[in-house]
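Got a structure here, written out as structure tokens. Questions coming.
Every read-out reported here was derived from the displayed coordinates using simple, explicitly stated rules and does not represent laboratory data. Keep in mind that what you see is a predicted model, and the values were worked out from it rather than measured. Here the Cβ positions follow ideal geometry from the backbone for every residue, glycine too, while neighbour counts run over all protein chains shown.
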Amino acid sequence: MNLPPAYSPAILADACKICNIADDYPHLLSTTEKIVSDSSLAEYACDLYREFTQGVGSFANHYRPVDKLGEDADHIFLLTVLSAMPETLARYRAQGTPEDIITATLDLSNKSGKREPVKLLPRQVAYCRRYYNAAIFRLGRFHFTLSGDKRDLPAVVINRQDPSHKVLLSADQMLYDDNGFVDNQPPTWLTRASLTEKVISGNLINPNGTASKERQTFAAGQWTWQYGARTVIDMHIPAGGGMTPDLSRESLKKAFRFFAGKSAAVYCNSWIFNPQLQGLPGTDNMTALMKMGHLFPVKSSAKEGMFFLYGTETDDLSTLPVHTTLQRSALDFMRAGGQLRAGGIFFFADEIC
Ligand SMILES: CC(C)(COP(=O)(O)OP(=O)(O)OC[C@H]1O[C@@H](n2cnc3c(N)ncnc32)[C@H](O)[C@@H]1OP(=O)(O)O)[C@@H](O)C(=O)NCCC(=O)NCCS
């Protein structure tokens, strides 16, 4: 059996160094020994690595070998990602990514300030394929990657005289509920957007991030429709708190510089951009970030963000752990009938830089 690279002690040591988790090496090494001594686990490790490198599977519901590895069960997923690290590093270097950006991007150590053993859950493995594809870059506080064409994002209609005047119109044929969200509620109405030589028309996105049933028309002579189906800079928010407005703006500026000429719009889809969380205790940074951009509705589940907030997903709110202000606020919000949901946001270079 051809074991994945990180099952060799020298390669594992190297990979831990690349990811700034050298302190975790002895612990991970002892897990590799347990895996190698159990033929079915060793075979599973090979399968995981093959799926990871071949780009198949989402890993989210993969078997966690708690019965055999106890608390270290999820090491098998981290070892999958670490196995690909030497190749990952080579790919970033081959495309000329600056060393400081590579180092920041591949740093898997815990950013919370508390030094805890690094963890990677099954559902986080698919995200790590972006590293393997050398397609994601940590530029300050956030991660960024260039997306393919996105067709269901709102259109941005810009005033020709005053380009700072922008209006978002929902994409065509989107289904919304009565509150103007795309949710797990039964959808009740459908949008229409169109662009002719003379007229741009569509359903407005309100500044509070909901879609309006009202259709608006703009004279094409005075307004231009930009970013139709287009490439945007996708943003991802790594864990660690401390997402201050200054750090956030700095990170966005770096992204616009890094991807200059490719796109002037950053897009993010996250539970963090749930417009209804704005102003709740513990959301100062999130609220400030929402105010820097343009919110819009996206498809969502009713538990969006629960995992990131509480480390678990459940229908029984009484079982959620509450240790921080944000956890308390979100729980009070849900108990009062509020709904966790994802939101979309655009940041534009001319407004950020
Ligand atoms: C998104 C994130 C960076 C925002 O952090 P932030 O707004 O800068 O938060 P702050 O550092 O200002 O913290 C404010 C309060 O919320 C708490 N808090 C922040 N993020 C938290 C989280 N994910 N879970 C629980 N509590 C959290 C803090 O502990 C603090 O409460 P306290 O004063 O009682 O300790 C942070 O929530 C995080 O690290 N999330 C995990 C990653 C994530 O969700 N990414 C998006 C995936 S789509």
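Rounded to the nearest whole Å³, what is the per residue volume of the convex hull around the Cα atoms of the chain? Please report the intermediate quantities before stating the final value.
Numbers: hull volume 53.8 nm³, N = 353.
Looking at the chain, the number lands at 152 Å³ per residue.
Need one number: the % of Cα-Cα pairs in segment 5-135 sitting beyond the 22 Å mark.
On the way: 2753 of 8515 pairs.
Tail of the P(r) past 22 Å holds 32 percent of the pairs.
Based only on other Cβ atoms within 10 Å, what is the fewest-to-most ordering of 62, 143?
On the way: 62 18, 143 21.
Least crowded to most crowded, the residues run 62, 143.
When the Cα atoms of segment 235-336 are enclosed in a convex hull and the volume is divided per residue, what value in Å³ results? If you can, show how the numbers build up before the last one.
Numbers: hull volume 11.3 nm³, N = 102.
Once divided by residue count, the hull of segment 235-336 is 110 Å³.
Using the structure shown, list the pairs from 166/303; 198/254; 262/291; 253/291; 17/253 with a Cα-Cα distance above 27 Å, or answer none.
Working: 166/303 31 Å; 198/254 37 Å; 262/291 24 Å; 253/291 16 Å; 17/253 29 Å.
Distance filter (> 27 Å) returns 166/303; 198/254; 17/253.
Residue by residue through segment 71-83, what is 3J(HN,Hα) from phi via Karplus (6.51 cos²θ - 1.76 cosθ + 1.60, θ = phi - 60°)? Round to whole Hz and write x for glycine and proline.
Once θ is set to phi - 60°, the couplings for segment 71-83 become 4, 8, 3, 6, 4, 4, 7, 4, 5, 4, 5, 5, 4 Hz.
Determine the dipole magnitude for the chain: charges of +1 sit on the beta-carbon of Lys and Arg, -1 on that of Asp and Glu, nothing else is charged, the reference point is the Cα centre, and the result goes in debye to the nearest 20. Intermediate results must be reported in sequence, preceding the final value.
Working: 36 positive and 37 negative charges, 208 e Å.
For the chain, the charge dipole is close to 1000 debye.
Now for a separate question. Quick check on segment 119-235: take the gyration tensor over C-alpha atoms, sort the square-rooted eigenvalues as a ≥ b ≥ c, and tell me if it's rounded (a/c under 1.5), prolate or oblate. Provide the component values of the computation, followed by the final result.
Working: a/c = 2.61, a/b = 1.56, b/c = 1.68.
Here segment 119-235 falls in the oblate category.
What nm value, rounded to one decimal, do you get for the distance between residue 38 and residue 17 when each label is placed 7 Å out toward the C-beta?
Result: 3.1 nm between the two label points.
Out of residues 5 or more away from residue 230 or on other chains, whose amide H comes under 5 Å of its own, with H placed 1.01 Å from N in the peptide plane?
150
Also, I was wondering about something else. Check which residues have an amide H placed less than 5 Å from residue 193's amide H, if you skip close sequence neighbours.
Under 5 Å from the amide H of residue 193: 172, 173.
Which ³J(HN,Hα) values, rounded to whole Hz and listed in residue order, are derived for segment 159-170 from phi using the Karplus coefficients 6.51, -1.76 and 1.60 in 6.51 cos²θ - 1.76 cosθ + 1.60 with θ = phi - 60°, glycine and proline given as x?
6, 5, 6, 10, x, 6, 8, 10, 10, 9, 10, 4
May I ask you to evaluate 6.51 cos²θ - 1.76 cosθ + 1.60, the Karplus curve with θ = phi - 60°, for each residue of segment 124-129 and list the ³J(HN,Hα) values in order in whole Hz, giving x for glycine and proline?
8, 5, 4, 4, 5, 4
Arranged from highest to lowest average of other beta-carbon atoms within 10 Å per residue, in what order do the peptides 67-75, 15-23 appear?
Values: 67-75: 15.0, 15-23: 18.6.
My ranking of the peptides, most packed first, is 15-23, 67-75.
Between residue 60 and residue 135, how many nm apart are label points set 7 Å from Cα along the C-beta direction?
1.8
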